[in-house]
Amino acid sequence: MDYILMLLPSMFSGLTVTLKLFFLTLIAALPLGMLMGIARLSRIKPLKWFMEFYVWLFRGTPLLLQLLFMYFGLMTIGLRLEREIAAYLAFVLNYAAYLAEIFRSGIQSIPQGQYEAADVLGLNRIQTMKNIILPQVIKRVLPPIGNEVINLVKDTALIYILAISELSRVARTHVMRDGTFVPFIVAAIFYLIMTGAVQQFFKWLESKFDYYR
Amino acid sequence: MFVLQAHDIYKKFGSLEVLKGVSLQVQKGEVIAIIGPSGSGKSTFLRCLNYLETIDKGKIEINGEIMVSNGPNGHAVYSSDREISKMRRSMGMVFQNFNLFPHKSVLENLTMAPIMVKQMDRSEAEDKARELLNKVGLAQKVNNYPFELSGGQQQRVAIARALAMEPDIMCFDEPTSALDPELTGEVLQVMKDLALEDMTMIVVTHEIGFAREVADRVLFMDDGLIVEEGTAEEVIVHPREERTQAFLSKVLMAR
């Protein structure tokens, strides 16, 4: 017990790093993913093609490699990013690609009749998107987005590769130094609390949209 | 003066010719019923009239303004988007599947377009919406959501929603086809009331009884053409064309 108490300060500082990456990624990747999802359905062909390429690239390679590329890869061409910045960048770009696909499929799942009804009432494309389509899309994409957000909690552990001391790396340092498995268990409990909170939050959010079907 | 004129409309989906020269002139206050078998092009024709589909050839005029006409190369050329959206403002549309906005209450379904498109202020739009809901017999459903209503009630809301934009012409695309038989009556009644108020209406329908009772003019379409046209008495009771007779006997037999 004393050992665990002794662990906590450094575990909390690792947790802070983890949470910071988590929230910054979400704040940037959610709106970016939504815009990219809309862009993938654009009538402007080059934009659509670019988005398809983008999604293929960022979904098709490991996030770990993307992290290494953002830091070491860019360094070799003379662009030296802070390790944290490189990590945020890789996470935002990677998660935006996944979220773009979720938004795209959400938008495509809205029946054509909704567009037609808005159209004959005189709503323009932007009004239709903003007032008719996207509000319905959000209800439909909440469950898959909840999945991605839980993945994000766990994926934050990957930035250890850039020697950033997030939660799991702190735990590992303790395990190796102290020769006990306990820090891993403490870290696991931290992750479970975070994913549990995300799960409850999405459950609550989904219930907010129960007023219509 | 015609409120709507369509002249020699041609339309293809890929290589399939759906409309092969369809013309229609509608006078103010007239109720037109378009009947015919599935795939005859009647819904497509209606959808062309309010720009849900574009035509390949022909001319459409709404309130004397040209929405589309043939260019020098014989292909249809449309007016600017601005002009078209102004013209479409005078057309209301009711769909087979209602297409209400599920995330909006009944009241919001009615007030949304007047507020956003006509810049009507909210309280005025709401008063108007309540009045219309009262007219279609749904005053008590103002704050409900579409999923809480029966199909017939949803379709009545959809009619009220179209009326909220104060159109000159109401288009109905098989408005009762998605309804259980016991629910069609309430929708048809609302439409009859509208006809009695001299609303100009174009109704694509399978309800021969309704066409006979309410329509000033009945068009029988088959295979992309208007085969027969006349009063309900002429087309439904004493059809001259063989195809009309065959269709009617099939439809009337089924009941």
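Side notes on the structure shown:
- Projecting label points 7 angstrom from Cα along Cα→Cβ for A:W56 and B:V142 puts them 5.6 nm apart.
- For region A:38-46, 3J(HN,Hα) per residue [Karplus equation, 6.51 cos²θ - 1.76 cosθ + 1.60, θ = phi - 60°, Hz, x = Gly/Pro]: 5, 4, 5, 9, 4, 7, 7, 4, x
- Under 5 Å, built H, 5+ apart or other chain: amide partners of B:N70: B:G58, B:V77
- With one equal scatterer per alpha carbon and no solvent term, the Debye-computed log10 I(q)/I(0) for region B:140-255 at 0.10, 0.15, 0.20, 0.23 1/Å reads -0.34, -0.73, -1.15, -1.37.
- Remark on the protein assembly as shown: Rg and Dmax equal 30.0, 100 Å (Cα only).
- Cα convex hull volume per residue for region B:1-160 (Å³): 146 Å³
- Local electrostatic count at A:R169 - Lys and Arg +1, Asp and Glu -1, tallied over other residues with Cβ under 13 Å: +2
- Ignoring lysines fewer than eight residues from B:K59 along the same chain, the ones with Cα atoms less than 26 angstrom from its Cα are B:K11, B:K12, B:K20, B:K28, B:K42, B:K86.
- Classified by the C-alpha gyration tensor, region A:2-207 has an oblate form. Its axis ratio a/c, with a ≥ b ≥ c, is 1.5 or above, and a/b does not exceed b/c.
- For residues of B:42-53, the mean tally of beta carbons on other chains within 10 Å: 1
- Number of Lys-Lys pairs in region A:2-207 with C-alpha atoms under 26 Å apart and a separation of 8 or more places or on different chains: 10.
- Derived scalar couplings between HN and Hα for region B:203-215 equal 10, 8, 8, 9, 7, 4, x, 5, 4, 5, 7, 9, 6 Hz in order, rounded to whole Hz, by the Karplus curve 6.51 cos²θ - 1.76 cosθ + 1.60 (θ = phi - 60°), x for Gly and Pro.
- Close amide-amide hydrogen proximity is noted between B:M93 and B:C171, each under 5 Å apart and 5 or more residues distant or on a separate chain (H modeled in the peptide plane; Pro and chain starts excluded).
- Whole-Hz couplings from phi, Karplus 6.51/-1.76/1.60, listed for region B:222-233; x for Gly and Pro: 8, 6, x, 9, 7, 7, 8, 8, x, 6, 4, 4
- Built amide H within the under 5 Å cut-off of B:E228, gap 5+: B:F220
- A crude spin-label estimate for the pair B:Y78 and B:L196, with each label 7 Å from Cα along the Cβ direction, gives 3.9 nm.
- Straight-distance crosslink candidates among lysines, where the alpha carbon sits under 19 Å from B:K141 and sequence neighbours closer than 8 are dropped: B:K104, B:K128
- Computed from the Cα positions only, the extents of region A:102-210 along the three principal axes stand at 70, 30, 16 Å, in decreasing order.
- Cβ-derived FRET efficiency at R0 45 Å, A:I126 paired with B:L225, nearest 0.05: 0.70
Coordinate-derived values only; no laboratory data. These numbers were taken from a predicted model, which means no experiment stands behind them. Here Cβ is always computed from backbone atoms with ideal geometry, including for glycine, and neighbour counts include all displayed protein chains.
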